Protein chains: 2
Amino acid sequence: MFIARGAAAALMSFGACLWISTALAADWTEQDLNDAAALRDRALSGTAAFEHVESLATQVGPRFAGSPGDAAAVRWALDRMGKLGFSNVRSQDVLVPRWVRGNAEVVLLSTTPQFLAATSIGGSVGTREEGLEAVVVQVDSFDALQNLDANTVANKIIFIDQRTERTRDGGGYGHAVRARVQGPSIAGKLGASALVIRSIGTSDDRVPHTGALVYSIDAPRIPAFALAGPDADILSRHLKANKTVRLRLKSTARELPPVWSANVVGEIPGRERASEIVLLGAHLDSWDLGQGALDDGAGVAIVMEAARLIGKLERKPARTIRVVLFANEEFGLSGAREYAAQIGEEAGRHVIAMEADTGQGPVWRIESQVAGDALPAIAAMHEVLKPLSIELGANDAGGGADIRPLRALGVPILDLSLDATLYFDVHHTANDTLLKIDPKVLDQSVGAYAAAAYLAATKQGDFGRLPPAGGE
Amino acid sequence: MFIARGAAAALMSFGACLWISTALAADWTEQDLNDAAALRDRALSGTAAFEHVESLATQVGPRFAGSPGDAAAVRWALDRMGKLGFSNVRSQDVLVPRWVRGNAEVVLLSTTPQFLAATSIGGSVGTREEGLEAVVVQVDSFDALQNLDANTVANKIIFIDQRTERTRDGGGYGHAVRARVQGPSIAGKLGASALVIRSIGTSDDRVPHTGALVYSIDAPRIPAFALAGPDADILSRHLKANKTVRLRLKSTARELPPVWSANVVGEIPGRERASEIVLLGAHLDSWDLGQGALDDGAGVAIVMEAARLIGKLERKPARTIRVVLFANEEFGLSGAREYAAQIGEEAGRHVIAMEADTGQGPVWRIESQVAGDALPAIAAMHEVLKPLSIELGANDAGGGADIRPLRALGVPILDLSLDATLYFDVHHTANDTLLKIDPKVLDQSVGAYAAAAYLAATKQGDFGRLPPAGGE
């Protein structure tokens, strides 16, 4: 972080015109700014973004890392970027872990057995073939899990009944997701026989939410399940009404040997400083339960279409726009790590990195993590985005998961925040389908990404470098 | 139909005061009308209806005819009505058919196989163990199915891609449902190997919709499946993009021997003319996929709570309020048929029948099917219901499915129309859960049912008799 939020806010209180005129002299020609605004407006009148995501979701569908769908998605991306006129279209081999969900069965042993809508958490071990049956101990939060006494939960099933708050910036998810990621190993260390959580999402529908767990090296690996919201309610109501509630759990989830997947890359070459790169990232893989329309078909469509629109301009930007569709974001960031590992000296020529991985949008905020003297340029970019109802955030952007390894190498970051209010209704569930996408919203996002990327690729100076950080 | 819609509308244009004063003299004392209004208002300030449906959906859950859940529901209803202070609580044995859904698998054989969210239609035969695989022929409507040429569809899978219109009165469902009920036998007669339909519902979620089919005696029984809306979209998009699309279908659905279930009956005895009955019906069974919270847990709760509120009054109505929770509405109306078959001479003492089976409400209309000279009384009842934003409909009420056999015996009918606008988002799907119920809405429905039932049970004269009709 190079400027405190307070200081950034103070800077923002200067008049916009001042920024534009300052920036104009230092960073962009008037034509650059006009061309960016024209890109923005053209997108609003309709883009091909929906066609991209429709094609990916329909022709490929689910594409979990290492699955046949994943391989089909790589072929799709190479083919699509080629047809759309990208240059230097290529793949980069990435070894990905291979986990298979199998079937999950969670049965509430009430008067009559009730089958609850549930799924294995991504990466979970399965149960023995006959399953397991145990008494349930409920906690209301991840914090309460951490305070449990091992004596009270040994050989029992722990149920974390924590709700995910609906927020525009995704903060509710970020808070709740610890139950899924770290919960299984904490429960395992306590001697529990399994962990069951309320889905990390905001849906009222009977579609359980998946996503990855991370087993600690020093914890027993116990099976972990997520219940759909209504099913967490059923279990919770039974726990209120009855002294003892038992569940029967079965899962055939299992790990297989790693297999090869690939990042897919395509470029709109710059006309003057082509070796300098503005990176637009999204991830090609999806979870297995849905079509991956919003996560991250929408992101793929937004960055491909933003770059394509720039590529169609008569006056190409000075720098190269590089679209990277990362392999296996969902289950270990394999593609992002490989890209950063192979980047070598090219890292220094990555002028800025952007990512689209929070659904369709609309973009509601621009945030940066750039050197302090590039902040007037960010404010000037914001002026171009403002007609799209986009706010200017602080200079502490986190970057999406796939560009964090680049950030760690010193690459500056620009976040166009996609509105996450409704995103966690469908994210990582079977409901992540095309029906949840509004082409008009997608067009707004394309407009924002295209204008911002164009400005980044035409800017006279760069955005500085960030101090290298350890890991992502 | 005893009065044309036009005539009814003309009658309705008279001033409300006229009706009330006319009715007052002929049908009700002022205290009757005041007590009905007080019941209505008390319900709005909160009832126990949600507790009833919460208990049924949680403690019993799914209760498909003949299943262990169905038997548990009968025990639940006997127990609950007893505890709530109903009189003459009893069960009436009903033989019900027994169908088991098993597992359904619909796989789109694309570049990589895509599993579509699907379920067997209720009553469908299963496939051979290895399943079946065939080319798909799409039609856009039930009418188009009827016009298909057998030569073009023999040994193929027919896909009916017809959408269900969202309507307040449920008419959209009534129109679309023919594809499910009659489609399988029409397709069978055409020589198709299977039928796949777009779910008969309005949901955008990945929850397929079940419901019963009726096989014709003279048609080959072919397996029939419903795809969730987003999955019908996937198939439809593939059919647009590709000349030939193949599906692989598997289903382990099967029929077992019939088993015993029961109607459950409880009464609030009348204080003067206790042998005369105002019947409030709902059905106790549900489909197997959801909790049956809206279909028909809500109806069970509405009629039980309306009757309970009447039972708590110091001044009980003259007639008996009889609550009947019918067995197996969903898969053949077994309970309603048995009730009517056993009714004998008591039929003539059923003054009027009402039913709640379209979800939680709110009630938006009152419709009747009564003798012409009882219409002023219906208009007066409407005056009492008007503060709940309830319209007066015509005298051509259809009655719910469970009271149609009574209608056929000449029993007059009162329909309190429950708002179906959102009902078919969840009806017959896994999403039919408590989370979709708003206790406040349920309270409005209880207020309307309680006030109407109270008025029917205190009315001086009756509602006449209808000419007997054949069957339901």
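Is at least one residue of region B:462-469 surrounded by fewer than 24 Cβ atoms within 10 Å (Cβ to Cβ), of a type in the set (D, E) and at pLDDT 95 or above?
yes
I'd like to verify a number: residues in region A:219-247 that are touching a residue at least 12 places away in the same chain (Cβ under 8 Å), small (G, A, S) and within 14 Å of chain B (Cβ to nearest Cβ), how many?
4
Check region A:272-281 and report whether any residue there is within 14 Å of chain B (Cβ to nearest Cβ) and surrounded by fewer than 24 Cβ atoms within 10 Å (Cβ to Cβ).
Looking for residues that are within 14 Å of chain B (Cβ to nearest Cβ) and surrounded by fewer than 24 Cβ atoms within 10 Å (Cβ to Cβ), one finds none in region A:272-281, hence no.
If B:A448 passes every condition in (1) surrounded by fewer than 24 Cβ atoms within 10 Å (Cβ to Cβ); (2) of a type outside the set (D, E, K, R); (3) part of a helix (DSSP H, G or I) but one, which one does it miss?
It is condition (1) that B:A448 fails.
What number goes with the only condition from (1) more than 14 Å from every other protein chain (Cβ to nearest Cβ); (2) open to solvent by 10 Å² or more (accessible area, probe 1.4 Å); (3) more than 23 Å from B:R42 (Cβ to Cβ) that B:L313 does not pass?
(3)
Against the definition (under 30 Å from B:Q59 (Cα atoms) and either more than 21 Å from the chain's Cα centre (by Cα) or not aliphatic (A, V, I, L, M) (or both)), how does A:T127 come out, yes or no?
So A:T127 passes the test.
Out of curiosity, is B:K250 more than 30 Å from B:W76 (Cα to Cα), open to solvent by 60 Å² or more (accessible area, probe 1.4 Å), more than 14 Å from every other protein chain (Cβ to nearest Cβ) and at pLDDT below 95?
In short, no.
Please enumerate the residues belonging to region B:139-151 that are part of a loop (DSSP other than H, G, I, E, B) and among the hydrophobic types (A, V, I, L, M, F, W, C).
B:L148
Being of a type in the set (A, V, I, L, M, F, W, C), open to solvent by 10 Å² or more (accessible area, probe 1.4 Å) and either touching a helix residue (DSSP H, G or I) at 6+ places or on another chain (Cβ under 8 Å) or on the phi > 0 side of the Ramachandran plot (or both) is the requirement here; does A:A117 meet it?
Here the answer is yes, as A:A117 does meet what is asked.
Kindly indicate the residue of region A:45-77 that is more than 20 Å from the chain's Cα centre (by Cα) and more than 14 Å from every other protein chain (Cβ to nearest Cβ) and also most open to solvent (accessible area, probe 1.4 Å) among those meeting that condition.
Of everything passing the filter in region A:45-77, A:S45 is most open to solvent (accessible area, probe 1.4 Å).
Those residues that are among the hydrophobic types (A, V, I, L, M, F, W, C), under 21 Å from the mean Cα position of the chain (by Cα) and open to solvent by 10 Å² or more (accessible area, probe 1.4 Å), I need them from region B:78-99; list them, please.
B:L95
With respect to A:G299, is the statement that it is open to solvent by less than 20 Å² (accessible area, probe 1.4 Å), closer than 30 Å to A:K316 by Cβ and of a type outside the set (D, E) true?
Answer is yes for this residue.
Tally time: how many residues in region A:130-151 are open to solvent by 80 Å² or more (accessible area, probe 1.4 Å) and under 34 Å from the mean Cα position of the chain (by Cα)?
Summing the residues that are open to solvent by 80 Å² or more (accessible area, probe 1.4 Å) and under 34 Å from the mean Cα position of the chain (by Cα) in region A:130-151 gives 3.
Could you tell me how many of the residues in region A:279-326 are more than 26 Å from A:D425 (Cβ to Cβ) and part of a helix (DSSP H, G or I)?
Summing the residues that are more than 26 Å from A:D425 (Cβ to Cβ) and part of a helix (DSSP H, G or I) in region A:279-326 gives 5.
The values are calculated or read from the model by the stated rules, or taken from the named source; none is laboratory data. Remember, it's a predicted structure, so these values are computed and weren't measured experimentally. Every residue, glycine as well, gets a Cβ built from its backbone with ideal geometry; the counts of neighbours run over all protein chains shown. Each accessible area value is taken on the protein alone, full model and side chains, heavy atoms only, with ligands, DNA and RNA left out. Shrake-Rupley method; radii C 1.70, N 1.55, O 1.52, S 1.80 Å.
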